[in-house]
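Enquirer: What follows is a single structure, and I will ask about it in a moment.
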Amino acid sequence: MLSEYLEMVSLVERLHRQFLELVKSELDGLRIDDINNVQGMMLFNIGEARMTVGEIMLRGCYLGSNVSYNIKKLVEHGYLAQERSVHDRRSIHVRLTEKGRELRSRLDKVHRNHMSMLGEASITGEDLEATNVTLHRLERFWTRAGDLVTVPSRSSGLDFRLPLKPS
């Protein structure tokens, strides 16, 4: 089972990179050259919501420094507007501008086009549903496994343990 597990991890990573390359190609085809593929997907994932950086990190697969950099670029190019929270001045909310909503709409059409082509690849809605169930289970497992990892102290050498059961 180890080889299947490692193959799945590699496949998920490879598929994510291929998907981002596809988004890049689509952005190039739309003659959008002021943002990159990750920024385009971040914009798509924000949608009509008004979100904080923390919420964006939770919703997507973005790291803190990447989120800050990408938000800065999206604001600079007019796709996002940011504003301080009236309740917590430390918190900044972002939302799509008209330019951002227009690009999101164009990306939505691209995704719908891809969806219509899935039949040609013999991929059904049931296939996607089963895949999503498995991927959500893996996400929950990796979240729990990450919580269970104990980091060694410097004096303990390389030994670290992943408990089999929560204590």
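A short reminder: the numbers here are calculations on the coordinates, not readings from a lab. Keep in mind that what you see is a predicted model, and the values were worked out from it rather than measured. With ideal geometry, Cβ positions are generated from the backbone for all residues, glycine too; neighbour counts draw on all protein chains shown.
Enquirer: Pick from ARG50, ARG95, ARG14: which is most flexible by mean-square fluctuation in a GNM of the chain where alpha carbon atoms under 10 Å apart are linked?
Expert: ARG14
Enquirer: Further question: Is any residue of segment 86-113 close enough, with backbone N under 14 Å, to a label point placed 7 angstrom from the Cα of LEU30 along the Cα-Cβ axis, and if so, which?
Expert: Zone members listed by number: 96-113.
Enquirer: Lys pairs in the chain, Cα-Cα under 30 Å, at least 8 apart or on separate chains: how many?
Expert: 9
Enquirer: What number, in percent, do you get for the relative contact order of segment 2-123 if the mean sequence gap of Cα pairs under 8 Å and at least 6 apart is divided by its residue count? Could the numbers behind the result be given before it?
Expert: Numbers: 102 pairs, mean separation 26.5, N = 122.
RCO, segment 2-123: 22 percent.
Enquirer: Now a separate question. Given a 10 angstrom Cα cut-off, can you work out which residue in VAL23, VAL133, VAL53 is the most mobile in a GNM of the chain?
Expert: Looking only at VAL23, VAL133, VAL53, the biggest GNM fluctuation is shown by VAL133.
Enquirer: Over the Cα atoms of the chain, what is the Rg over Rh ratio if Rh follows Kirkwood?
Expert: Expressed as Rg/Rh, it is 1.04.
Enquirer: What GluC sites (Glu not before Pro) does segment 25-82 have in DSSP loop regions with at most 13 other beta carbons within 10 Å?
Expert: Qualifying residues, ordered by number: GLU48.
Enquirer: Divide by every residue of the chain the summed helix terms, -39500 (n - 2.57) for each DSSP H run of at least 4, and state the resulting mean residue ellipticity at 222 nm, rounded to the nearest 500 deg cm²/dmol.
Expert: Computed ellipticity for the chain at 222 nm equals -20500 deg cm²/dmol.
Enquirer: Pick from HIS77, HIS16, HIS111 the residue whose mean-square fluctuation is largest in a GNM of the chain, springs joining Cα atoms under 10 Å.
Expert: HIS16
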